1. Where Lys and Arg each count +1 and Asp and Glu each count -1, what net charge lies around A42 among other residues with Cβ under 11 Å from its Cβ?
2. Longer than 25 Å from Cα to Cα, which of K9/K29; K16/K122; K9/K242; K9/K156; K37/K242; K9/K251 are they? Say none if no pair is.
3. Once you have a ≥ b ≥ c as the square roots of the Cα gyration tensor eigenvalues for the chain, tell me rounded if a/c is under 1.5, and otherwise prolate or oblate according to whether a/b is larger than b/c.
4. What GluC sites (Glu not before Pro) does segment 109-210 have in DSSP loop regions with at most 16 other beta carbons within 10 Å?
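Coordinate-derived values only; no laboratory data. Nothing here was measured: the structure is a model prediction, and the numbers come from that model. A quick note on method: Cβ atoms are made from the backbone with ideal geometry, for glycine too, and the neighbour counts reach across all protein chains shown.
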Amino acid sequence: MPEHSTYQKLLEITGKRGSGFVMLIDPDKLPYRQIGKQIETAADAGVDAFFIGGSYLIEENFNRYISEVKRFAGDIPAIIFPGSTRQISAHADAILFLSLISGRNPEHLIGSQVTAAPLIWKLNLEAISCGYMLVESGQLTSVQYSSNSLPIPREKPSIALAHGLAAQFLGMKSIYLEAGSGAVQTVPEAMIRLLREHLDILIFVGGGIRTPEEAARKALAGAHFVVVGNFFEEGENLSRLKEFAEAIHHKA
């Protein structure tokens, strides 16, 4: 692994700040012309990384979109969080190479990955392997519907641990506990705590997080990175970015 890889930067962020703050940007929700202002606002507030992607992609030029994000993000990692094989760009710092390990749909376990891998390789784009785990959140989410898969029951953290261990033993560098965009209930702290106790890989947690206090609970439970997206799609909420950053950075 290159000494200054994006993955290494993520490790350094958690070592310095305890937990990192990721802003998730959906190209279908943030217009191209507003990218610069939002990225600069987020960077000034203390966001540690940007994830870019969505369940559906109406934005026609994903490559141009990523290039614009990276132009304003500077040294802050801009990482693709792909909703499909259409969401790949050499302009990003890295891509989360997701496998939906909580489901049993072979297309999302390995099918799409085989399709995407040659292009990622050809573009020399850093791939960060990630076991993607849907967690029951109180409502049907877009990713559950589109992937035709069941989430892990929120009251069964041992099932989440079994999946997390499988990801680690398969050599994945990270897992993502996902409650879903706009989730009614977030990922339980007990589940995060159990996985952090037994796993040695990065843990991303996202879905339905709407307050700094809730973000802090995920961080203190053991999330290496807390991911917030839907909440900041409402422009008036951007003023609270710094509150979220301070709540998540418990070692800063």
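1. Counting the neighbours of A42, the net charge comes to -1.
2. Cα-Cα > 25 Å for K9/K29; K16/K122; K9/K156; rest within.
3. rounded
4. E155
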